[in-house]
There are 2 protein chains.
Amino acid sequence: MEMAPEDEGHHQHQPNRLGEMAYRNMKERLIRGAFSPGDKLTIRAVSEMLDVSTTPARDAINRLVIDGALIYSGPKTVIVPHLRLLDLEEITQMRLALEGLAAALSVKAAGEATIEELELLQAKIDAALDEKRYFDALWHNKEFHFAIYRLSGMPHLLQVIETLWLRVGASFNGLYPEFSETRYGAHNHRAAIEALVDKDVAAARAAIENDIRDGFRQMKKISAGRDQGNLCRR
Amino acid sequence: MEMAPEDEGHHQHQPNRLGEMAYRNMKERLIRGAFSPGDKLTIRAVSEMLDVSTTPARDAINRLVIDGALIYSGPKTVIVPHLRLLDLEEITQMRLALEGLAAALSVKAAGEATIEELELLQAKIDAALDEKRYFDALWHNKEFHFAIYRLSGMPHLLQVIETLWLRVGASFNGLYPEFSETRYGAHNHRAAIEALVDKDVAAARAAIENDIRDGFRQMKKISAGRDQGNLCRR
DNA sequence: TTCACATTTTTGTTGCAACAAAAAAACATG
DNA sequence: CATGTTTTTTTGTTGCAACAAAAATGTGAA
């Protein structure tokens, strides 16, 4: 039987390692809103929280710091960062460039199955908002975007975009429920789906870019109602 | 005396840590061409190489894997990756988007001092090529690009671009001296400098994008003269 | 040689303890 | 009360050893 050509690797990290598990677990908690900006994370605390020894806990924290999901506030203290408006602006610009690219490249690979998947995800988003399950809505929103980006077939690109989401993700928690109540995203998501159906590259890019811009404006408006430029409650 | 407002952090990693030192050291070696694609890096080997214990060595390797500068070729083996044409294409697309953005944003902040610095760096590149010091040329080339990108004032952007360079950087070693002998970059660099002088945003972006595209074509051409799609000598 | 299998060596992971340094708490001082 | 100082506690880093698993090596048969 003909064998597939040697892949040579490009393996992801082994999923069975404790450090990898700890990283995934903490990442999920961060995105889901288990921590707030300013919260301090210590090795021993994470170690107990996940019931592993200090080494995997340390690995997880180090990796999250590299990702930018956590930052040092002092030589021996890592915290969930307070996202400032300036940071958000910068990351938004990068998202526009990279996710616009991913959206444009996704058009070619979009098929019947993808459209259905996207429709389903959008329905989940709507349902979650109806029932005020805001974290679920945010989660499905992420799934919606990445379902599109995955079509680009570019693993490096996917990975970089994901770290950008991680950097801002933790700070979203303090913005609910105002953030999602206007449902700014629904229109853009429908536009994206239609662009994929029509195989319209420019429209797909525009839909995603609009979604990102609208989200940014929304966050800016909410943060304006709080103290200067700081995007978190406290 | 008036104190500066609390920065709250956004610290980089402490430079005095052994793991950080090991990381920097290995990164430098990778860029400078101390290793070739396919070389295996073990914790204990790095530990001896840098005369530190296994923990910092392990930290450094893990971080380089996260950066994409090293990859797993098996559950217990990390190697310097063989960059395939497909990977190079993808990273080139991301570079176009991100470095184009950085170049465009840099125009506003470009001043007299910057221009002089860039002229000096270009002179260093030319001199290095004249004397066939190809690694130095590559190094100064990097300095030239990042001197521009730094003007954008966007630390997140800088950091992401740097990891993209790291991903391809290690594979450049095998391409000398052919890669630089045509001096494809000189014209684009001059165009970039002039764009900064003229405060021409579109021209700055175009100059950088052209430089990236020309470099990509150059690499593709060289790799075509070797076996299929594999961008390294062996 | 080529392939499959058994054996030996190498290697990453994990847990842990010592230590210095930083953070937090307690305290004193104005 | 606020502020500077000392004491106590917490914390990350580093080195190291045990272990299981993977890689390298050796072996033998076809």
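General remarks:
- The residues of the stretch A:190-208 that are open to solvent by 40 Å² or more (accessible area, probe 1.4 Å) and of a type outside the set (G, A, S), listed by number, are A:R190, A:E194, A:V197, A:D198, A:K199, A:D200, A:V201, A:R205.
- Count of the stretch B:52-80 residues which are more than 8 Å from DNA strand D (Cβ to nearest atom), in a loop (DSSP other than H, G, I, E, B) and in contact with a Gly (Cβ under 9 Å, 6 or more places away or on another chain): 2
- The single condition among (1) within 11 Å of chain B (Cβ to nearest Cβ); (2) under 28 Å from A:R84 (Cβ atoms); (3) not basic (K, R) that A:G19 does not satisfy is (2).
- Summed over the stretch A:31-52, the residues that are within 14 Å of chain B (Cβ to nearest Cβ), open to solvent by 20 Å² or more (accessible area, probe 1.4 Å) and closer than 16 Å to A:L166 by Cβ give a count of 2.
- Taking each residue of the stretch B:53-76 that is within 9 Å of another protein chain (Cβ to nearest Cβ) and looking for partners that are of a type in the set (K, R) with beta-carbon atoms closer than 7 Å, six or more apart or interchain, yields B:I66/A:R63; B:G68/B:R167.
- Selection within the stretch B:77-98 - within 17 Å of the chain's Cα centre (by Cα), among the β-branched types (V, I, T) and facing chain A (nearest Cβ under 8 Å): B:I91
- Any pair with Cβ under 8 angstrom, 6 or more apart, that starts in the stretch B:38-49 at a residue that is under 19 Å from B:E20 (Cβ atoms) and small (G, A, S) and ends at one that is near DNA strand C (Cβ under 7 Å from one of its atoms) and open to solvent by 50 Å² or more (accessible area, probe 1.4 Å): B:S47/B:T54
- Whenever a residue of the stretch B:154-166 is farther than 13 Å from B:M94 by Cα, its partners that are buried (at least 19 other Cβ atoms within 10 Å of the Cβ) and among the small types (G, A, S), lying with C-beta atoms within less than 6 angstrom and at least six residues away or across chains, give the pairs B:L166/B:A69.
- Residue count for the stretch B:73-96, restricted to those that are open to solvent by less than 20 Å² (accessible area, probe 1.4 Å) and out of contact with any Phe, Trp or Tyr (no Cβ under 6 Å at 6 or more places or on another chain): 9
- Once the stretch B:139-168 is narrowed to residues that are over 21 Å from B:A207 (Cα atoms) and in contact with a Lys or Arg (Cβ under 9 Å, 6 or more places away or on another chain), the residue that is least open to solvent (accessible area, probe 1.4 Å) is B:L166.
- Some residue of the stretch B:8-17 being closer than 25 Å to A:P56 by Cβ, modelled with pLDDT of 95 or more and over 15 Å from the mean Cα position of the chain (by Cα): no
- Selection status of B:I91, outside any strand (DSSP E or B) and either within 15 Å of DNA strand D (Cβ to nearest atom) or not assigned by TED's automatic domain parsing to the domain that holds B:R167 (or both): no
- Taking first residues from the stretch B:125-144 that are more than 26 Å from B:L158 (Cα to Cα) and partners that are open to solvent by 70 Å² or more (accessible area, probe 1.4 Å) and in a helix (DSSP H, G or I), the Cβ contacts under 8 Å between residues at least 6 apart in sequence or on separate chains come to B:L129/B:E181.
- Hey, B:E178 more than 30 Å from A:S152 (Cα to Cα) and either assigned by TED's automatic domain parsing to the domain that holds B:K199 or in contact with an Asp or Glu (Cβ under 6 Å, 6 or more places away or on another chain) (or both) or not: yes
The values are calculated or read from the model by the stated rules, or taken from the named source; none is laboratory data. Just so it is clear, the structure is predicted and the values come from calculations on it, not from any experiment. Backbone-built Cβ (ideal geometry, glycine too); neighbour counts: all protein chains shown. When the accessible area is computed, the model is the full protein with side chains, heavy atoms only, and any ligands, DNA or RNA have been set aside. Shrake-Rupley method; radii C 1.70, N 1.55, O 1.52, S 1.80 Å.
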